[in-house]
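Here is the structure we will look at.
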Amino acid sequence: QLQENQDEIENMMNAIFKGVFVHRYRDAIAEIRAICIEEIGIWMKMYSDAFLNDSYLKYVGWTMHDKQGEVRLKCLTALQGLYYNKELNSKLELFTSRFKDRIVSMTLDKEYDVAVQAIKLLTLVLQSSEEVLTAEDCENVYHLVYSAHRPVAVAAGEFLYKKLFSRRDVEDDGILKRRGRQSPNANLVKTLVFFFLESELHEHAAYLVDSMWDCATDLLKDWECMNSLLLEEPLNGEEPLTDRQESALIEIMLCTIRQAAECHPPVGRGTGKRVGSK
């Protein structure tokens, strides 16, 4: 009897879906299209056994091409709710491979709010599976740390940090207690220098620092480690920094000190709707 009741309810839900959603997700009014996508995101999350499959997900994928920013935004926030839940990741694999390129292209959306949420969605995709995003996909997001729009840059900074800087061997407490050149941050500081030099935007160190300030404060304020990389002799088997790398590190270090002292983004970077912190 329980099975019969469940079948009956699913048949009703299916009839409502085909009778209402299938027609209204393409409604002439953007607000109605947005409501449809928001709701299907809720259905997929609440009742993933019935709704989280490609015959429903495809509607969200198609609607990511909507001409109205508010509708594209609802697609991304609906998908974030699904990718955030690691238990649902296996059901999203086909969708990810099919629509990943569209999500990557949305990081350059003309609507800043949409671009920010696209980057945040890719950060969740990255956490669900490292293999999904190619090096080229990641590079498309990396260069946005130099964006003049701060919310976009900060979202890209978090993506960059999760991809290149958040891997640490924390099993050995002794490593975590080391300081200066031997601290776990030493390799991360070098990675930051290498990334900055590869970016070839050498006048924009302040932009890079500002983008990562919220997610990598401990690393960017480890001036003891930066000093020892500049002043102390390399450890056994360690490659010394070249003159160019040392110059880049000094520039990054100056920018971190200025950011810590002045507490505001660099000149030319718009803050959007940001409330200043104490």
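Tell me the mean residue ellipticity at 222 nm calculated for the chain from its helices only (DSSP H runs of n ≥ 4, each -39500 (n - 2.57), averaged over every residue, nearest 500). -19000 deg cm²/dmol, from helical runs alone.
For a modelled paramagnetic label at Arg244, 7 Å from Cα along Cα-to-Cβ, the residues of the range 183-208 in reach, with backbone nitrogen under 11 Å, are 197-200.
Can you check what the net charge comes to around Asn11, using other residues whose Cβ is under 11 Å from the Cβ of Asn11 (Lys, Arg +1; Asp, Glu -1)?
Details: positive: Lys18; negative: Glu4, Asp7, Glu8, Glu10.
Charge balance in the 11 Å sphere: -3.
Taking 24 Å as the limit for the C-alpha separation, the pairs Lys110/Lys221; Lys74/Lys120; Lys190/Lys221 exceed it in the case of Lys110/Lys221.
A 1.4 Å probe run over the protein chains yields, for the chain, 56 Å² of accessible area per residue, whole-number rounding.
Let me cross-check Cys36: its accessible surface, 1.4 Å probe, with only protein heavy atoms counted, in Å² to the nearest 10? Roughly 20 Å² of Cys36 is accessible to a 1.4 Å probe.
Shape of the range 4-123 from the C-alpha gyration tensor: oblate (a/c of 1.5 or more and a/b not above b/c, with a ≥ b ≥ c the square roots of its eigenvalues).
The label-point distance for Thr217 and Arg258, in a model that sets each label 7 Å from Cα toward Cβ, rounds to 2.1 nm. Overall, the anisotropy analysis places the range 1-62 in the prolate class: the square-rooted eigenvalues a ≥ b ≥ c of its C-alpha gyration tensor yield a/c not less than 1.5, with a/b exceeding b/c. With both labels modelled 7 Å from their Cα along Cα-to-Cβ, the Asn5 to Ala135 distance reads 5.8 nm. Structure remark: mean-square fluctuation, Gaussian network model of the chain, C-alpha springs under 10 Å; the largest value among Leu92, Leu220, Leu208 belongs to Leu92. Pairs of Cα atoms nearer than 8 Å and 6+ residues apart set the relative contact order; for the chain it is 13 percent. Could you identify which residue out of Asn11, Asn140, Asn53 has the top mean-square fluctuation in a GNM of the chain using Cα springs shorter than 10 Å? Of Asn11, Asn140, Asn53, the most mobile in the Gaussian network model is Asn11. Between Glu39 and Lys86, the FRET efficiency from the beta-carbon distance, with R0 = 30 Å, is close to 0.80. Looking only at Asp137, Asp113, Asp101, which one moves most when the chain is put into a Gaussian network model with springs between Cα atoms under 10 Å? So, out of Asp137, Asp113, Asp101, the one fluctuating most is Asp101.
Extending 7 Å from Cα along the Cβ direction at Ile16 and again at Phe194 yields two label points whose distance is 5.4 nm. Rounded if a/c is under 1.5, else prolate if a/b is larger than b/c, else oblate: which is the range 178-260, with a ≥ b ≥ c the root eigenvalues of its Cα gyration tensor? Oblate, since a/c reaches 1.5 and b/c is not below a/b. Stretching the chain fully between Glu233 and Asn53 yields a gain of 59.1 nm (0.36 nm per residue, less the alpha carbon separation).
Each of (1) 22.9, 77; (2) 23.8, 73; (3) 19.9, 64 is a candidate for Rg and Dmax of the Cα atoms in Å; the one calculated from this structure is (1).
The values are calculated or read from the model by the stated rules, or taken from the named source; none is laboratory data. Just so we're clear, the structure is a prediction, and the values are computed from it rather than from any experiment. No Cβ is skipped: glycine too gets one built from the backbone with ideal geometry, and neighbour counts run over all protein chains shown. Note: areas computed on protein heavy atoms with side chains; ligands, DNA, RNA excluded. Shrake-Rupley method; radii C 1.70, N 1.55, O 1.52, S 1.80 Å.
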